[in-house]
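For reference, the structure is listed below as structure tokens.
Taken together, the values in this text are just the output of simple stated rules run on the coordinates, not laboratory data. In this text, all values refer to a predicted model and were calculated from it rather than measured experimentally. All Cβ positions, even for glycine, are placed from backbone atoms using ideal geometry, and neighbour counts span all protein chains on display.
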Amino acid sequence: MYMVGIWEEYGRALMPPINICLLMCPLAKQPVLPSVTNSSFVESRVGLEFDESSESKEEIMICYASMVKIHPTPQPLFAMVTGCFKGKFSGKDVIFMIDTGSKLNLMAKEFYDRTNLAIDLDGTCWSLKGINGHPVPLGGCVRNAEIKISGRHFDHHVFVSREGTGKQEIILRQPWLQWYCASIQYTRQGVMNMRIWQDGDGDKFDCCKQGPSVLIPLCTPGTPHNTATLNLDQGPRIEEVEDIDAEK
């Protein structure tokens with residue numbers, strides 16, 4: 001009898017991985033009931049019937065491995081995608097990124113140069129820590145910049161970064177989130193939604209609260225950059241271990 005272990009590596013200190021073992025025996029008639037071993041893996045087993053003269057172990061593994069549900073419940077994530085969404089900035093289609101851990105709204109200078117917006121040079125008195133760790137002066141500030149999401153205005157001040165903003169044109173940070181009473185909600189299935197109130201109504205008493213002006217999906221289940229494995233090769237590992245006595 002051949003036993004083939006199939007698993008994905010997970011943080012053992014957080015949540016035990018699941019090890020799917022295919023017990024492959026020529027003309028096996030009875031499936032082996034699931035069992036839990038003393039190892040750090042939660043193990044499930046199933047008996048498979050096959051003909052050694054016409055089917056190889058490798059073909060059987062490829063055929064059946066993808067049929068096993070390796071992760072029946074959500075696992076703690078090692079990494080999660082940053083929330084981004086589409087909108088309009090000064091009439092231009094852009095990608096916004098949400099960053100709850102910094103104090104200034106930013107846009108890339110390369111993008112600003114295409115907007116022809118007025119800039120307040122008092123913003124050059126502000127600086128951010130650059131890549132080399134030294135303060136880098138900002139290129140100014142666009143006051144009350146036009147930001148439209150789902151056809152509604154959520155305008156705010158945006159500084160111009162000399163070092164760029166990555167793949168997105170605009171990064172919305174604490175001042176914008178505070179002014180529009182942003183509320184971000186998560187689920188263990190990988191959903192991340194943000195609610196924003198155009199008139200800042202989210203901070204009223206419970207008896208007077210209104211629904212959010214806009215609900216923005218920032219992340220959906222199955223997003224590739226949400227990963228609960230340290231093994232960046234997303235495919236399962238397949239190993240053949242020593243033969244097991246068929247009577248056990």
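Can you tell me the mean projection area, over all orientations, of the convex hull of segment 84-219's alpha carbons? Units nm², please.
Details: hull surface 37.5 nm².
One quarter of the hull surface, i.e. the mean projection, equals 9.4 nm².
Give me the one-decimal nm value for the distance between modelled label points at residue 78 and residue 191, 7 Å along each residue's Cα-to-Cβ direction.
It is 2.7 nm.
To the nearest 0.05, how large is the calculated FRET efficiency for residue 227 and residue 155 if R₀ is 35 Å and r is the Cβ-Cβ distance?
0.45
What distance in nm separates the two pseudo spin-label positions at residue 119 and residue 174, each 7 Å out from Cα along the beta-carbon direction?
Placing both labels 7 Å along Cα→Cβ, they lie 2.5 nm apart.
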